[in-house]
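Notes follow the structure.
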Amino acid sequence: PPASPTTLNLGAICQKGHCRPRYLASFFPRSGASHFRRRGKAINRLESWYSLCCGKPEAQKLCCAQQAWKLALSQFCVEEFSTKTLAYECCEFKGDARWSCFDSELPNPDYSCVQGYTAPAVLSE
């Protein structure tokens, strides 16, 4: 999962969105990868919302990004619980415990670019 927006990573969230992964439908196998498709959809949704937040006045960007992060992950959990498979482990928690879980052991907490990657256009939400 992506890291929670903070004053330390907000600049990268807003300035480096063009070089972080997006997940088009063609990225996934046709069958057997629904859990990965849900994860990809959540990332795409979040990046879309981040782009909206980054267009706001400076004083509103962080609050907007934090709300976008929580809402995107909340919707991801709703989608996870709507299937007959085991839900992502962080979705089992409630309140602050859920957000702490999602914000732990992150592969890219600084929202750095993927070298040589340019994000494809995806539909905005």
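Of the set (1) among the polar types (S, T, N, Q); (2) surrounded by 12 or more Cβ atoms within 10 Å (Cβ to Cβ); (3) touching a helix residue (DSSP H, G or I) at 6+ places or on another chain (Cβ under 9 Å); (4) in contact (Cβ under 8 Å) with a residue 12 or more places away in the chain, all apply to Ser74 but (4). Report yes if Arg39 is surrounded by 14 or more Cβ atoms within 10 Å (Cβ to Cβ), basic (Lys, Arg), under 17 Å from Pro2 (Cα atoms) and at pLDDT 95 or above, otherwise no. Spelling it out, it is not the case that Arg39 is surrounded by 14 or more Cβ atoms within 10 Å (Cβ to Cβ), basic (Lys, Arg), under 17 Å from Pro2 (Cα atoms) and at pLDDT 95 or above.
Taken over the range 56-111, the criterion of being of a type outside the set (A, V, I, L, M, F, W, C), in a helix (DSSP H, G or I) and within 17 Å of Leu10 (Cα to Cα) is satisfied by Glu58, Gln60, Lys61, Gln66, Gln67, Lys70.
Taken over the range 1-21, the criterion of being at pLDDT 90 or above and either among the charged types (D, E, K, R) or crowded, with 17+ Cβ neighbours inside 10 Å (or both) is satisfied by Pro2, Ala3, Ser4, Pro5, Asn9, Leu10, Ala12, Ile13, Cys14, Lys16, Gly17, Arg20. How many residues does the range 44-71 contain that are surrounded by fewer than 21 Cβ atoms within 10 Å (Cβ to Cβ) and of a type in the set (Gly, Ala, Ser)? Total satisfying the criteria: 4.
The values are calculated or read from the model by the stated rules, or taken from the named source; none is laboratory data. Keep in mind that this is a model prediction, so the values were computed, not measured. Positions of Cβ are generated from backbone atoms using ideal geometry, with glycine treated the same way; all protein chains shown enter the neighbour counts.
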